[in-house]
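Single-structure report; data block below.
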Amino acid sequence: MRITLLLAAAAILGAVHDLSDRGSLQPGSSFSPRPGIALQARPVDTPATEVCLGDIAPDFAYQGVDARWRRLRDLVAETPVLLVFGANEGTLRIIEGEREELMGLGVIPVAVVGSRLGVTRALVNRSELRFIVLADPQGVIAAQFNAVDPGNGRQLPTWFVLDPKRRVRGLGRKGLPLRGYTELATEALGLQPRTATLPAAR
């Protein structure tokens, strides 16, 4: 079976190392951006079934620049993940605009796109994306999340919010919102918005 190539942009791969070494991402933490990183994905024996609210998300595998194989469970560690499929360049830029706020809440954004590695790398560089973008041209990852159109094989615009145990706490299969990914994650995970203000004293 052909190996799907992945691309990770930003320091989130560095975050994976930090999470494994120092524990979970704390609200208010930030990572220093790094150049794009080429990765490979390995298909896993996960049947293609619809992933629903409350389910444990499929565990895909990928290879980092240190040649070590990791899985989604390693990326999640003790940190929630916003996982987005089928995003176009405009949507990726919107997520980039919300990246700091998401990571301030302790949520790592991850996008899976259907383009080839070279196209994805160019997109990441052009848009200066600083979060994980995975190139999945063969749909290996998307198929595990039932995010592929069976008619044409293209990714369906879909989003998931996963808690630290990979449980799906929020999802949407009717397209990607134009904005408000921080609010999606906040509501799905029951987090306290950072912009919340205390009631005025009387």
Would you please list the contacts, defined by Cβ atoms under 9 Å and residues six or more apart or on different chains, that run from a residue in region 147-170 that is over 10 Å from residue 83 (Cα atoms) to a residue that is part of a loop (DSSP other than H, G, I, E, B) and basic (Lys, Arg)? 147/173; 148/154; 156/173; 157/173; 157/174
Members of region 69-111 found to be in a helix (DSSP H, G or I), in contact with a Lys or Arg (Cβ under 7 Å, 6 or more places away or on another chain) and of a type in the set (A, V, I, L, M, F, W, C), listed by number: 72, 76, 94
Selection from region 134-146 of residues that are open to solvent by less than 50 Å² (accessible area, probe 1.4 Å) and under 22 Å from residue 80 (Cβ atoms): 134, 136, 141, 142, 144, 145
Taking region 83-107 only, how many residues are more than 18 Å from residue 135 (Cβ to Cβ) and surrounded by 19 or more Cβ atoms within 10 Å (Cβ to Cβ)? 7
One residue is enough: does region 124-132 have a residue meeting the conditions under 25 Å from residue 51 (Cα atoms) and more than 13 Å from the chain's Cα centre (by Cα)? no
Looking only at region 115-131, count how many residues are farther than 17 Å from residue 99 by Cβ, assigned to a helix (DSSP H, G or I) and open to solvent by 80 Å² or more (accessible area, probe 1.4 Å). 1
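The values are calculated or read from the model by the stated rules, or taken from the named source; none is laboratory data. Note that the structure is a prediction, hence the values are computed from the model and not measured. Cβ: placed from backbone, ideal geometry, glycine included. Neighbour counts: every protein chain shown. Each accessible area value is taken on the protein alone, full model and side chains, heavy atoms only, with ligands, DNA and RNA left out. Shrake-Rupley method; radii C 1.70, N 1.55, O 1.52, S 1.80 Å.
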